[in-house]
Amino acid sequence: MDLNFFSEEKSRVFCVAELNFAIKQLLESNVPLLWVRGEISNLVKAASGHFYFSLKDDQAQVRCVMFRNKNQLLKEPISNGQQIEVLAVATLYEQRGDFQLTVEQMRPAGLGILYERFERLKQLLENQGLFAAERKHPLPPFPKRIGIITSPQAAALRDVLTTLRQRLPSVPVVLYPAPVQGAGSAEKIAAAIAAANRRAECDVLILCRGGGSIEDLWAFNEEVVARAIAASEIPIVSGVGHETDFTIADFVADERAPTPTAAAQRVAPDRFALLRGLQDQAQHLQRAQRNRQQNAMQAVDYLQRRLVHPAQQLQRQTQQLDQLQQRMQRVFTYRYQHQHWQWQSLVQRLRAASSDFAGLQDKQANLAQRLVKALHAGQAARLARADIAGQHLILLDPAKVMARGYSMVQDASGAVVSDAAQLAIGAELRITFAKGWVRSQVKERGES
């Protein structure tokens, strides 16, 4: 809806409800969600849970309503006279025709500037890599000495010391005092961090403070503290405020704990948990030792059953020897009987063949004569072949051939020349005769 609606409907007569509804629509569609600063007055907390109040300054005021589902999110109670900033929708309460603001969020006055500073510094340090996980130090699992950076009067210090005493009372604690609120506190916190690093007497540092408003925690949002944390060679755990509070120190620290007590729990292992772990390990070792002992006992029992007394072993070996002797006696008897049977069989066969013994002797003598004749004939044939082969070798002897007037011609490489076409004019030759040799040169060449 826009203002042209009324110009187009100028001849129309509106009832009050229609007018209020049209104005409400006009406000909500043309006035954006906006922040408004002022002082709370006439605060009424209705039984329904809704808050009704006026927001005023020196010159004007406006009625406001903050419904229960929104005001339940407030961290701190509100009261008359507080300077606040509200994020609200401009609207009209139709039943009474009252202009009012419907509040969506509320914060103490001035926090908008702080939040802007917070976001600017957070973005700057993040771009410079101060929040990167790779630059952060791991916490020691069993610190030998723990340092605490906080105010000696802070309630958070008592909580941290109580937790450390309960969890690991044997570890000494060093306090590096520094104010955690007020002017100059950020510089003193940074100086305490630097002093702890110079003294290098602790394995881990706890930077802690109890809860409070953003103004109360602002020292931990200063750049000087963030730079000091980043430059620390000692791991730092940040335990500032409550679980819902976040500071720049939380992002730069090596680890963030939601509360100071949680920070103490993070740096100091629980001695009872360690004792339980040791007890579990001891029980495990005892069970393992008992199992090993039982296994060894069973092995001894098994070996004991296998171990035989020398007298029993001698008796068993004597029995085995008797058994072997009996077996040998049976084998000997069997072999004797078998050979006796074979001998009798051969005797019977010999007696059966004795009638043809003379014929066999004649046949044997005849075969011996034939064998002698065959040996002589074979030897004579082999001698004849050897004589013929010797004559052939004599005929093929190169010396005998050259003795008949032949010679052997070789070229410069020693190869035998059998064809004049192989030689060139002027080639050197070696000619071997039956007696001696000469070197010559080709003057002329012809075909045969």
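Only one entry in Arg290, Arg276 is within 32 Å of the chain's Cα centre (by Cα) and either at positive phi or charged (D, E, K, R) (or both), namely Arg276.
Might you let me know whether the stretch 202-220 holds any residue that is surrounded by 17 or more Cβ atoms within 10 Å (Cβ to Cβ), in the same structural domain as Val173 (by TED's automatic domain parsing) and among the basic types (Lys, Arg)?
So in the stretch 202-220, the residues surrounded by 17 or more Cβ atoms within 10 Å (Cβ to Cβ) come out as 202-211, 214, 217-220.
Those left that are additionally in the same structural domain as Val173 (by TED's automatic domain parsing): 202-211, 214, 217-220.
With among the basic types (Lys, Arg) added as a condition, the list becomes 209.
Within the stretch 202-220, one or more residues are surrounded by 17 or more Cβ atoms within 10 Å (Cβ to Cβ), in the same structural domain as Val173 (by TED's automatic domain parsing) and among the basic types (Lys, Arg).
Go through the stretch 183-214 and give me each residue that's closer than 30 Å to Ile78 by Cα and touching a residue at least 24 places away in the same chain (Cβ under 8 Å). Give the derivation first.
Of the residues in the stretch 183-214, the ones closer than 30 Å to Ile78 by Cα are 183-186, 208-214.
Matches in the stretch 183-214: Ser185, Ala186, Cys208, Arg209, Gly210, Gly211, Gly212, Ser213, Ile214.
All told, Leu124 falls short of being of a type outside the set (Lys, Arg), assigned by TED's automatic domain parsing to the domain that holds Val62 and either surrounded by 11 or more Cβ atoms within 10 Å (Cβ to Cβ) or part of a loop (DSSP other than H, G, I, E, B) (or both). Remark: Arg290 matches the filter, which requires a residue to be over 30 Å from Pro172 (Cα atoms) and of a type in the set (Lys, Arg). Against the numbered list (1) touching a residue at least 24 places away in the same chain (Cβ under 8 Å); (2) over 30 Å from Val204 (Cβ atoms), Gln319 comes up short only at (1). Within the stretch 221-255, the set of residues being surrounded by 17 or more Cβ atoms within 10 Å (Cβ to Cβ) and either of a type in the set (S, T, N, Q) or farther than 16 Å from Glu126 by Cα (or both) comprises Asn221, Ser232, Ile234, Pro235, Ile236, Val237, Ser238, Gly239, Val240, Gly241, Asp245, Thr247.
From the list Leu87, Leu74, Leu101, which residue is on the phi < 0 side of the Ramachandran plot, under 54 Å from the mean Cα position of the chain (by Cα) and either assigned to a strand (DSSP E or B) or in the same structural domain as Asp216 (by TED's automatic domain parsing) (or both)?
Details: Leu74 fails: either assigned to a strand (DSSP E or B) or in the same structural domain as Asp216 (by TED's automatic domain parsing) (or both); Leu101 fails: under 54 Å from the mean Cα position of the chain (by Cα).
Of Leu87, Leu74, Leu101, the one residue that is on the phi < 0 side of the Ramachandran plot, under 54 Å from the mean Cα position of the chain (by Cα) and either assigned to a strand (DSSP E or B) or in the same structural domain as Asp216 (by TED's automatic domain parsing) (or both) is Leu87.
List the strands (runs of 3 or more DSSP E) that sit entirely inside the stretch 404-448 and contain at least 1 residues that are among the aromatic types (Phe, Trp, Tyr), surrounded by 13 or more Cβ atoms within 10 Å (Cβ to Cβ) and in contact with a Phe, Trp or Tyr (Cβ under 9 Å, 6 or more places away or on another chain).
Values: elements: 408-410, 428-432, 437-441.
In the stretch 404-448, no matching strands (runs of 3 or more DSSP E) lie anywhere.
So that you can scan it fast, the table gives a plain yes or no per residue for (1) out of contact with any strand residue (DSSP E or B) (no Cβ under 8 Å at 6 or more places or on another chain); (2) at pLDDT 90 or above; (3) among the aliphatic types (A, V, I, L, M):
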residue	(1), (2), (3)
Lys75	yes, no, no
Gly81	no, no, no
Arg117	yes, no, no
Leu121	yes, no, yes
Lys144	yes, yes, no
Val171	no, yes, yes
Leu175	no, yes, yes
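For the stretch 29-75, the set of residues classified as under 16 Å from Leu92 (Cα atoms), surrounded by 16 or more Cβ atoms within 10 Å (Cβ to Cβ) and either in contact (Cβ under 8 Å) with a residue 60 or more places away in the chain or small (Gly, Ala, Ser) (or both) consists of Ser54 only.
Just wondering, is there one or more residues in the stretch 275-287 that are among the basic types (Lys, Arg) and modelled with pLDDT of 90 or more? Outline the logic, then answer.
Our first condition is that a residue be among the basic types (Lys, Arg); within the stretch 275-287, this holds for 276, 287.
Those left that are additionally modelled with pLDDT of 90 or more: none.
No, every residue in the stretch 275-287 fails to be among the basic types (Lys, Arg) and modelled with pLDDT of 90 or more.
Being under 20 Å from Ala231 (Cβ atoms), outside the structural domain of Glu76 (by TED's automatic domain parsing) and surrounded by 14 or more Cβ atoms within 10 Å (Cβ to Cβ) is a property that Val180 has. Screening the stretch 141-172 for residues that are part of a helix (DSSP H, G or I) and β-branched (Val, Ile, Thr) and picking the one that is surrounded by the most Cβ atoms within 10 Å (Cβ to Cβ) gives Val160.
Quick check, is Ala263 among the aliphatic types (A, V, I, L, M), free of Cβ contacts under 8 Å to residues at least 12 places away in the same chain and out of contact with any Lys or Arg (no Cβ under 8 Å at 6 or more places or on another chain)? Walk me through how you get there before you give the answer.
Values: among the aliphatic types (A, V, I, L, M): yes; free of Cβ contacts under 8 Å to residues at least 12 places away in the same chain: no; out of contact with any Lys or Arg (no Cβ under 8 Å at 6 or more places or on another chain): yes.
So Ala263 does not fit the description; no.
Within the group Ala273, Ala263, which residue is surrounded by 18 or more Cβ atoms within 10 Å (Cβ to Cβ) and small (Gly, Ala, Ser)? So that I can check it myself, show each step before the final result.
Working: Ala273 fails: surrounded by 18 or more Cβ atoms within 10 Å (Cβ to Cβ).
That would be Ala263, the only listed residue that is surrounded by 18 or more Cβ atoms within 10 Å (Cβ to Cβ) and small (Gly, Ala, Ser).
The values are calculated or read from the model by the stated rules, or taken from the named source; none is laboratory data. Keep in mind that what you see is a predicted model, and the values were worked out from it rather than measured. For neighbour counting, all protein chains shown are included, and Cβ atoms are generated from backbone atoms with ideal geometry for every residue, glycine included.
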